[in-house]
Each structure stands twice: as structure tokens, then as C-alpha cells.
Amino acid sequence: MRTDIFARLDREPEPPKIVAPRMSRHRIALFGGTLAFYLAIVWAVLITSWLVALDWKVMLFRPYQQWPELHAFLDYYVVLGQRGPTAVMVACWLGWRSWRQHTLRPLLVLGTSLLLLNVTVGAVKLGLGRLGPHYATQIGSAEMFAGGDIFPSGHTANAVVTWGILAYLATTPRARRYLSAVSATVSLGVGLTTVYIGTHWLSDVVLGWAAGLLILLALPWFEPLIARTEAWIFAMREQWRERRDGAHPASVAGTGSGSEPRPVMLPQSMAADGLAAETVAAGAEPVLPAGHPAPGARARAHGGHVRPGSLPVAPAGVRRPPPHTERGARGTGSPARPMTGG
């Protein structure tokens, strides 16, 4: 007997009614505060403030040398912030949810968030061009506009967005609280791991947290676009199914302009003459020599009256037996020859 746990893994008979989050006042306030914090971090690094001095103190402390026993574990743990592995894991889970609930919204939300992450974080990385701790050239310098690409931290921002999507798409408040705590813990650990290894400054990680949180808070603005995209994909699927079903219509037997007439067997009209039944084309006119008028034409030429002694006009489609001249002479004993059928 199946338990309730396995029964919940089945596909739902109908799509559930899922209410997409809206941009409420509370969310707008959080978005504005996070954006102000984001700009403040960027400004503090640009002017080489106390935050840059803290970056250098943490880097010179060399955490990977202070606690070397953690290095082996954290080398694997930091993978939870890499774009490729995390996107594949979360996409598999959300793909199963899309199949189960008859909706593409989970996958479309994931794709939208990753696209926003690549555009926003990538543009700031390339625009500011900050060098990492391993490539720093001057102690105390912010290392800005030097051709680097580590500010903000892509690992941290990706961890916030990828694992935060699970909390964003949760259908119950309880699941949303638990998943929010899990995603915050994972993203916090990934950011601090990059500082421990020495691949990012501390300010890179702080800005990465803010960048990922901004994307999660801005997702409700894209919900109408996601809904229209889902409706368009389903409409295209229905059109493709209709074309596929209509690609092999039932074959109907018919005769075209170039098709040959189908032969039919007519009964023998004169059994006493010994003529065999002949196969003729249905609807075909009698074949006459060139220049010879049709019997109907001769009848019309004489005012519609048939001349005495002439042959009656056969109806269209039926060939009249030829005169007795085709037969052999009486008394010769030769058998009657059947016609060859035109």
C-alpha cells in the first residue's frame, strides 16, 4: 500500500493556483535600503576608506594559514557558490516541480534571476576592475580599475540568488521561512569561505550579498513578463501539436486530370452474336477515326431524326456492338472473335 509520502510525488491532476508575489511597500522599502547599502559599499571602496584597510588586515591575517585543517573541507564547500553546479542542481528540482504542477513558472523564474545576475554583477565587475588579494600590487590600495573582475563576489551573489530562489518559490509560509534560513546560511558560508581561501576581499563578499538580495527583491517586477512568456510557450506547444496531428490526413481515393479511368465490366448486350463482355473505361467517349463525326453530331445534322437503316446512337459510356461485318462469313465455321476493348 502506498503511503502519503509517495502519493505526494505523483503529478497533480490540475495546475494549482499559485499567487505570484507582488511588489508590496515592505518589499520596496527593503529594496531601497539594500540599494543604498550597495552604493555605500562601492563608495567606501572607491575613496579607499576604513573598509579597504579592513580588507588588507584580513588578507594579511591569512586565515587559511591560521586554520589549515579546514582547507580540505572548504575547498568542496565553496562549490555551492559556483554558477554551473548550483544552477544544474536547482534546475533539476524546479524542473520536477514544473512537471508536477503543470507550470513553467519555477524554471522561468530561475532563468530570469540568473540572467539578471549575469547582467548586473558582470557589468559592475568589469566596470570597476578591482584586483583580488593574490594579485594586489600596493599595500593599502583599493586596487580599483586595474583590470580585475572580483568586485562584487560572484560566488556570494550566485549563492544568494540560486538558493534564495527556493525560498522565493515556496508555496507555504512555513517552507518559506525554513528555506530562507537555509539559503542565508549557505550564502553566508560561501562568502566567508572565499575570504578564508584568499580569493576575495571582505568588501567583495559584503557587496555580493547585497547584489544577490537586490535581485531576489526585484523579482516581483518581472512576474507579469514571466506569466506572458509561459502563456506564449503553451500556445506555441498547442499550435505544434495541431500541425503534427494534421500532417498525416486520411488518404482519399480520387481521380485527377492525369489519372487513367477505372475499367468497369458491362453485361453482354447480344448473347446470340457470341460476343464476349469487354472492359471499357467508365465515362469515356467512343474512339473514332480522325475527321469522322460522332453519331450524335450526325443526328443533330439531320434535325434530330435518325436516317432509316442507320445505327442507333449508343448512350455515353456504353460501346455499341459493331455491325456483323466483324464476324466471319456464315457457314465458314470460324469462331467469333471478341473485341479487344479499344
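Three semi-axes describe the equivalent ellipsoid of region 10-137; taken as square roots of 5 times the Cα gyration tensor eigenvalues and ordered largest first, they are 37, 23, 13 Å. Database remark: amide H of ILE150 closer than 5 angstrom to the amide H of ARG130 (H placed geometrically; neighbours at sequence offset of 5 or more, or on other chains; Pro and chain starts carry no H).
At q = 0.13, 0.16, 0.18, 0.22 Å⁻¹, what log₁₀ I(q)/I(0) does region 31-98 have when each alpha carbon counts as one equal point scatterer in the Debye sum? Cα-only, vacuum Debye calculation for region 31-98: -0.74, -0.91, -0.94, -0.93. Once the whole set of protein chains is in place, how much accessible area is left on LYS57, using a 1.4 Å probe, in Å² to the nearest 10? Here the residue's solvent-accessible area equals roughly 150 Å². Legend: calculated FRET efficiency, LEU70 to LEU30, from the Cβ-Cβ distance at R0 = 51 Å, rounded to 0.05, equals 0.95. If R0 is taken as 22 Å, the Cβ-Cβ distance between GLU14 and GLU242 corresponds to a FRET efficiency of 0.45. Split the accessible area of region 1-103 by element, probe 1.4 Å, and carbon with sulfur accounts for 67%. Estimated at 0.36 nm per residue, the fully extended path between CYS92 and ARG174 surpasses their Cα-Cα distance by 27.3 nm.
Think of each Lys and Arg Cβ as +1 and each Asp and Glu Cβ as -1; about the Cα centre, that makes the dipole of region 78-176 roughly 500 debye.
In this structure, SER141 and ALA181 have a Cβ-Cβ separation that, at R0 = 25 Å, corresponds to a calculated FRET efficiency of about 0.10. Couplings 3J(HN,Hα) of region 158-175, computed from phi: 5, 5, 4, 6, 5, 7, x, 4, 4, 6, 5, 8, 5, 9, 10, x, 5, 5 Hz, in residue order, whole Hz [Karplus 6.51 cos²θ - 1.76 cosθ + 1.60, θ = phi - 60°; x for Gly and Pro]. Radius of gyration over Kirkwood radius for region 121-225, both on Cα atoms: the Rg/Rh ratio is 1.07.
Residue ranges 74-87, 23-36 sort as 74-87, 23-36 when ordered by packing (mean number of other C-beta atoms within 10 Å per residue, highest first).
Once the 1.4 Å probe is applied to the protein heavy atoms, region 1-156 comes out at 63 Å² accessible per residue.
With both labels modelled 7 Å from their Cα along Cα-to-Cβ, the GLU230 to HIS102 distance reads 1.3 nm.
The values are calculated or read from the model by the stated rules, or taken from the named source; none is laboratory data. Computed from a predicted structure; not experimentally measured. Using ideal geometry, Cβ is built from the backbone for each residue, glycine included, and neighbour counts are taken over all protein chains shown. Ligands, DNA and RNA are stripped out before the accessible areas are found, and what is left, the full protein with its side chains, is counted by its heavy atoms. Shrake-Rupley method; radii C 1.70, N 1.55, O 1.52, S 1.80 Å.
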